[in-house]
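*Asks:* First, the structure itself, so that you have it in front of you.
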Amino acid sequence: MNYIGRFAPSPTGPLHAGSLVAALASWLDARTHGGQWLLRIEDVDTPRCSPGVDRIIIAQLQDCGLHADAAPLWQSQRSALYQQALERLIVQGLAYPCDCSRRDIETEMLRRGQTPARNTELIYPGTCRPTSSQRHELADAANPSAWRLRTDQTASTVHWHDGRLGPQHQDVASAVGDFVLKRADGCFSYQLAVVVDDAAQAISDVVRGEDLVDNTARQILLQHALGLPTPRYLHTPLLLGANGEKLSKQNGAQAINTSDPLAALNSAAAVLGLPAQSTNVPEALQAWVAAWASLQSRA
Ligand code: GLU
């Protein structure tokens, strides 16, 4: 079996106890399968990324004994590939430019008697979606608008299997609507970049936090549209903050203390249902590889 896994942090802040859970789980799963583990710095949303944080994350992973099997890849250097994928979707009539602001989308939703949700991405009502006979020319790709994927052209219900959560399904058209591929500020979306890169790096297995489970159907829909393979997915439990929400920088997550990497790893391991280790980092990791293998074989 040709297993290639990855950890794909966004360098918006250093690794915290919650993000270490996804790093450890993806590393353990790759090691358990005798596979490779790759690191991808997801700095595609440049305004949200802080300079130098990528290097901090790489050093934190090394302190925790989580060494990648190849040089890391930076999404900020890969725009040409994302542009090619976008152009492929435009040529297929699957992507269209959109000038709607959040306010425009809210106004349109209210006009249709729908209540826009606060603080989350709104289900796009399709205001700018062209009639099916109208296709955008590739030349329009230079246009500064946002670009969206139309979800009404193909069967939009995606069924997939999660390695921990079991069978999943989502109708992308009704749950999310036509989602953004490239923003008006020129940044490619996480959904497009992650799909292009998972394929480019031949990722066979995506192991990441359960907060991302809701993105998976969108990613599979894009893989189908771009003729790319679908990896296996496994979403791990999350470490919750004091407010019961996923631990994040916003609810006070501190950078992990790499002067005591074993303690940081033990708290990540506990979230994954793995027993505490008291020896040292290499021995702890070895013990968890064995424990992870037996947990997976019972799943
Ligand atoms: N960059 C994303 C994050 O830090 C993870 C993406 C993924 O694993 O698909 O939340």
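The values are calculated or read from the model by the stated rules, or taken from the named source; none is laboratory data. Predicted, not measured: the structure shown is a model, and the values here were computed from it. So basically every Cβ, Gly included, is an ideal-geometry build from the backbone, and we count neighbours across all protein chains shown. These accessible areas exclude ligands, DNA and RNA; they are computed on the full protein's heavy atoms, side chains included. Shrake-Rupley method; radii C 1.70, N 1.55, O 1.52, S 1.80 Å.
*Asks:* Of everything in the range 194-215, what is without any contact (Cβ under 8 Å) to a residue 60 or more places away in the chain and more than 9 Å from the ligand (Cβ to nearest atom)? Give them in sequence order.
*Replies:* Initially, the range 194-215 is screened for residues without any contact (Cβ under 8 Å) to a residue 60 or more places away in the chain, giving 199, 210-215.
Across the range 194-215, the qualifying residues are A199, E210, V213, D214.
*Asks:* Next question, about the same structure. Can you run down the residue pairs with Cβ atoms below 9 Å, 6 or more apart or on separate chains, where the first is in the range 65-80 and of a type in the set (K, R) and the partner is part of a loop (DSSP other than H, G, I, E, B)?
*Replies:* Matching pairs, first to second residue: R78/V44.
*Asks:* Here are some residues: D104, D69. Which one is surrounded by fewer than 18 Cβ atoms within 10 Å (Cβ to Cβ), of a type in the set (D, E), away from the ligand (no atom under 16 Å from the Cβ) and part of a helix (DSSP H, G or I)?
*Replies:* Values: D69 fails: part of a helix (DSSP H, G or I).
Unique residue meeting the criteria: D104.
*Asks:* Is there any pair linking a residue in the range 1-29 that is closer than 18 Å to W292 by Cβ to one that is within 12 Å of the ligand (Cβ to nearest atom) and among the basic types (K, R), with Cβ under 7 Å and at least six apart or on different chains, and which?
*Replies:* Correct list of pairs: R6/R40; A22/R208; S26/R6; S26/R208.
*Asks:* Output the number of residues of the range 34-50 satisfying the condition of being open to solvent by less than 20 Å² (accessible area, probe 1.4 Å) and either more than 12 Å from the ligand (Cβ to nearest atom) or at positive phi (or both).
*Replies:* Number satisfying all stated conditions: 2.
*Asks:* Another one. Looking at the range 244-262, which of its residues are surrounded by 13 or more Cβ atoms within 10 Å (Cβ to Cβ) and either at pLDDT 95 or above or in a loop (DSSP other than H, G, I, E, B) (or both)? Reasoning before the result, please.
*Replies:* Here is the first cut: in the range 244-262, the residues surrounded by 13 or more Cβ atoms within 10 Å (Cβ to Cβ) are 246-249, 251, 253, 255-256, 258, 261-262.
If the condition is that a residue be surrounded by 13 or more Cβ atoms within 10 Å (Cβ to Cβ) and either at pLDDT 95 or above or in a loop (DSSP other than H, G, I, E, B) (or both), then L247, S248, A253, I256, T258, P261, L262 are the ones that fit.
*Asks:* Return the pairs, sorted by first residue and then second, in which the second residue is of a type in the set (S, T, N, Q) and surrounded by fewer than 16 Cβ atoms within 10 Å (Cβ to Cβ), the first residue lies in the range 282-297 and is in a helix (DSSP H, G or I), the beta carbons are less than 9 Å apart, and the residues are 6+ apart or on different chains.
*Replies:* A284/S278; A287/T279
*Asks:* From the list D185, D178, D152, which residue is in contact (Cβ under 8 Å) with a residue 40 or more places away in the chain, more than 16 Å from the ligand (Cβ to nearest atom) and more than 19 Å from the chain's Cα centre (by Cα)? First the steps, then the outcome.
*Replies:* On the way: D178 fails: more than 19 Å from the chain's Cα centre (by Cα); D152 fails: in contact (Cβ under 8 Å) with a residue 40 or more places away in the chain.
After ruling out the rest, the residue left standing is D185.
*Asks:* Restricting attention to the range 62-77, does a residue exist that is among the acidic types (D, E) and closer than 23 Å to R148 by Cα? It would help to see each step written out before you state the result.
*Replies:* Going residue by residue through the range 62-77, those that are among the acidic types (D, E) are 63, 69.
Narrowing the set further to residues that are closer than 23 Å to R148 by Cα leaves none.
The answer is no; no qualifying residue exists.
*Asks:* Is it the case that some residue within the range 233-240 is open to solvent by less than 20 Å² (accessible area, probe 1.4 Å), part of a loop (DSSP other than H, G, I, E, B), within 11 Å of the ligand (Cβ to nearest atom) and more than 17 Å from R88 (Cα to Cα)?
*Replies:* There is no residue in the range 233-240 that is open to solvent by less than 20 Å² (accessible area, probe 1.4 Å), part of a loop (DSSP other than H, G, I, E, B), within 11 Å of the ligand (Cβ to nearest atom) and more than 17 Å from R88 (Cα to Cα).
*Asks:* From the list V158, V172, V206, V176, which residue is farther than 24 Å from L81 by Cα, crowded, with 21+ Cβ neighbours inside 10 Å and out of contact with any Ser or Thr (no Cβ under 7 Å at 6 or more places or on another chain)? First the steps, then the outcome.
*Replies:* On the way: V158 fails: crowded, with 21+ Cβ neighbours inside 10 Å; V172 fails: out of contact with any Ser or Thr (no Cβ under 7 Å at 6 or more places or on another chain); V206 fails: farther than 24 Å from L81 by Cα.
Within the list V158, V172, V206, V176, the selection yields V176.
*Asks:* Mind checking which residues of the range 177-227 are among the small types (G, A, S) and on the phi < 0 side of the Ramachandran plot? Reasoning before the result, please.
*Replies:* Step one: filter the range 177-227 for residues among the small types (G, A, S), giving 177, 184, 186, 189, 193, 199-200, 202, 204, 209, 217, 225, 227.
Residues satisfying the conditions are A184, S189, A193, A199, A200, S204, G209, A217, A225.
*Asks:* Follow-up. Name every residue in the range 1-33 that is open to solvent by less than 10 Å² (accessible area, probe 1.4 Å), within 9 Å of the ligand (Cβ to nearest atom) and part of a helix (DSSP H, G or I), in order of residue number.
*Replies:* S26
*Asks:* Then there is this: Which residue pairs have Cβ atoms closer than 6 Å, lie 6 or more positions apart in sequence or on different chains, and pair a first residue in the range 34-53 that is more than 22 Å from Y82 (Cβ to Cβ) with a second residue that is open to solvent by less than 30 Å² (accessible area, probe 1.4 Å) and away from the ligand (no atom under 15 Å from the Cβ)?
*Replies:* The qualifying pairs are G35/Y3.
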